[in-house]
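Asks: Provided herewith is a single structure, encoded as structure tokens, for subsequent inquiry.
The values are calculated or read from the model by the stated rules, or taken from the named source; none is laboratory data. A quick note: this is a predicted structure, and the numbers were derived from the prediction, not measured. Neighbour counts are summed over all protein chains in view; Cβ atoms, including those assigned to glycine, are modelled from backbone coordinates with ideal geometry. Heavy atoms of the whole protein, side chains included, go into the accessibility calculation; ligands, DNA and RNA do not. Shrake-Rupley method; radii C 1.70, N 1.55, O 1.52, S 1.80 Å.
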Amino acid sequence: AKTPLRVAVTGAAGQIGYSLLFRIANGDMLGKDQPVILQLLEIADEKAQKALKGVMMEIDDCAFPLLAGMTAHADPMTAFKDADYALLVGARPRGPGMERKDLLEANAQIFTVQGKALDAVASRNVKVLVVGNPANTNAYIAMKSAPSLPAKNFTAMLRLDHNRALSQVAAKSGKPVASIEKMAVWGNHSPTMYADYRFATVDGQSVKDMINDDAWNRDTFLPTVGKRGAAIIEARGLSSAASAANAAIDHMHDWHVGTNGKWTTMGIPSDGSYGIPKDTMFGFPVTVENGEYTIVQGLPIDEFSQERINLTLKELTEEREGVAHLLKA
Ligand code: NAI
């Protein structure tokens, strides 16, 4: 039997946690033959810790064959100990009257602490996915706070945007979602991200030619994908949780298992590709093999796409500048 892998999850008693933990324990993330140990972090608050205990009782009651252990934590230094995978879901939500700047700063504090804890105690190969918003900038902060870990092991979740884009294009083209290849989402996980189906194919045929509707791209597709999170809050009265958890499973699954040559989207520290400044935590189309992602290279960027990429990059640069003073320790 395989040695269990340690999976740390923060914000474990939250909405996304409630959809996420059961699927990790069920083998959906790391494989149906891979035992896992869950190391669950919540804030020290008594209510949160009690809620976490409740979730753990339910996980126990599933009697998951692959679950080799489970612990509750209020301190990242114990939660991240020897972690092979870390899903950083917990974040400070925007409260009433809270400015964007306050939100960035509150989260910068959390992700500085958690980055340092990963640096100190996690496996030297820990693979980190940041889900908590602002996800790209939080991931950037965690990465910068963990100088002894490989920067490439810090990623941000763009997969929900990727999956949303796939589903919209499938509906528009009338093709099954599983048949669509070569989708890309560029930039920040925010309404500025640029979902790009110019390269997408079904059975080798261009989806763009199939749809053949530039106005749909600009006026329907991009706004629908970009504002999907808000549309779900409006409809459900709560933010996307099961779909976000599903995207986190997909992201980690593909990172662990590989994509078999197929493209997916990950928020990763830029290596300078496509003119994105090095280390910017940016959504790129990637393929994954042997646990390592590679940016899909050589894609032509037309004028419209360049404008969209510049816009999302500008937002990320501003976020990064907004927290720069907190990183100089
Ligand atoms: P939630 O509010 O239901 O749960 C968050 C949990 O995190 C709470 O239980 C809270 O106590 C905990 N938490 C807060 N700070 C923490 C810390 N420092 N350490 C450990 N735990 C902490 O929120 P939900 O719906 O589960 O969403 C979580 C985050 O994911 C939010 O920031 C949300 O904006 C983000 N999100 C990101 C998406 C993406 O595509 N990247 C998609 C959907 C949500």
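Asks: When only residues in the range 9-47 that are charged (D, E, K, R) and within 16 Å of the ligand (Cβ to nearest atom) count, which is least open to solvent (accessible area, probe 1.4 Å)?
Replies: Applying the filter and picking the extreme gives Glu42.
Asks: Between Thr312, Thr280, Thr317, Thr265, which is touching an Asp or Glu at 6+ places or on another chain (Cβ under 9 Å) and touching a residue at least 12 places away in the same chain (Cβ under 8 Å)?
Replies: Going through Thr312, Thr280, Thr317, Thr265 in turn, the sole match is Thr265.
Asks: Of everything in the range 216-267, what is hydroxyl-bearing (Ser, Thr, Tyr) and out of contact with any Leu (no Cβ under 8 Å at 6 or more places or on another chain)? Give them in sequence order.
Replies: Thr220, Thr224, Ser239, Thr259, Thr264
Asks: Filter the range 98-115 for residues that are touching a Ser or Thr at 6+ places or on another chain (Cβ under 9 Å), open to solvent by 10 Å² or more (accessible area, probe 1.4 Å) and in contact (Cβ under 8 Å) with a residue 40 or more places away in the chain and give the result.
Replies: Leu104, Thr112, Gln114
Asks: Filter the range 271-283 for residues that are surrounded by 13 or more Cβ atoms within 10 Å (Cβ to Cβ), among the small types (Gly, Ala, Ser) and more than 12 Å from the ligand (Cβ to nearest atom) and give the result.
Replies: Of everything in the range 271-283, just one residue is surrounded by 13 or more Cβ atoms within 10 Å (Cβ to Cβ), among the small types (Gly, Ala, Ser) and more than 12 Å from the ligand (Cβ to nearest atom), namely Ser273.
Asks: Give the residues of the range 222-270 that are exposed (fewer than 15 other Cβ atoms within 10 Å of the Cβ), part of a loop (DSSP other than H, G, I, E, B) and away from the ligand (no atom under 14 Å from the Cβ), sorted by residue number.
Replies: Scanning the range 222-270 gives Asn260, Gly261, Lys262.
Asks: Now for a separate question. If you scan the range 82-97, which residues turn out to be more than 11 Å from the ligand (Cβ to nearest atom), of a type in the set (Gly, Ala, Ser) and in contact (Cβ under 8 Å) with a residue 24 or more places away in the chain?
Replies: Correct list: Ala83, Ala86.
Asks: Output the residues belonging to the range 144-161 that are open to solvent by 10 Å² or more (accessible area, probe 1.4 Å), assigned to a helix (DSSP H, G or I) and either closer than 16 Å to Leu327 by Cβ or within 12 Å of the ligand (Cβ to nearest atom) (or both).
Replies: Lys144, Ala151, Arg159, Leu160 - these are the residues of the range 144-161 that are open to solvent by 10 Å² or more (accessible area, probe 1.4 Å), assigned to a helix (DSSP H, G or I) and either closer than 16 Å to Leu327 by Cβ or within 12 Å of the ligand (Cβ to nearest atom) (or both).
Residue-by-condition table, conditions (1) under 22 Å from the mean Cα position of the chain (by Cα); (2) over 25 Å from Ala142 (Cβ atoms):
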| residue | (1), (2) |
| --- | --- |
| Val9 | yes, no |
| Ile16 | yes, no |
| Gln34 | yes, no |
| Ile43 | yes, no |
| Ala48 | no, no |
| Ala51 | no, no |
| Gly54 | no, yes |
| Ile59 | no, yes |
| Phe64 | no, yes |
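Asks: Now, a different point. What's the number of the condition Lys175 fails, among (1) in a loop (DSSP other than H, G, I, E, B); (2) within 19 Å of the chain's Cα centre (by Cα); (3) more than 16 Å from the ligand (Cβ to nearest atom); (4) closer than 30 Å to Glu303 by Cα?
Replies: (2)
Asks: I need a count of the residues in the range 291-329 that are buried (at least 17 other Cβ atoms within 10 Å of the Cβ), basic (Lys, Arg) and more than 20 Å from the chain's Cα centre (by Cα).
Replies: Within the range 291-329, residues that are buried (at least 17 other Cβ atoms within 10 Å of the Cβ), basic (Lys, Arg) and more than 20 Å from the chain's Cα centre (by Cα) number 1.
Asks: In the list Ala79, Ala68, which residue meets the criterion of being crowded, with 17+ Cβ neighbours inside 10 Å and more than 10 Å from the ligand (Cβ to nearest atom)?
Replies: Ala68
Asks: Suppose the filter is within 21 Å of Ile24 (Cα to Cα) and out of contact with any Pro (no Cβ under 7 Å at 6 or more places or on another chain); does Glu303 pass it?
Replies: no
Asks: Next up: Can you find a residue in the range 181-196 that is part of a helix (DSSP H, G or I) and farther than 25 Å from Glu319 by Cβ?
Replies: No, the range 181-196 has no match at all.
Asks: Between Ala63, Ala1, which is over 26 Å from Asn107 (Cα atoms), of a type outside the set (D, E, K, R) and at pLDDT below 95? Step through it out loud before you land on a result.
Replies: Details: Ala63 fails: at pLDDT below 95.
Exactly one residue qualifies, and that residue is Ala1.
Asks: Quick test of your reading of the structure: Met57 fulfils all but one of (1) surrounded by fewer than 13 Cβ atoms within 10 Å (Cβ to Cβ); (2) within 13 Å of the ligand (Cβ to nearest atom). Name the failing condition by number.
Replies: (2)
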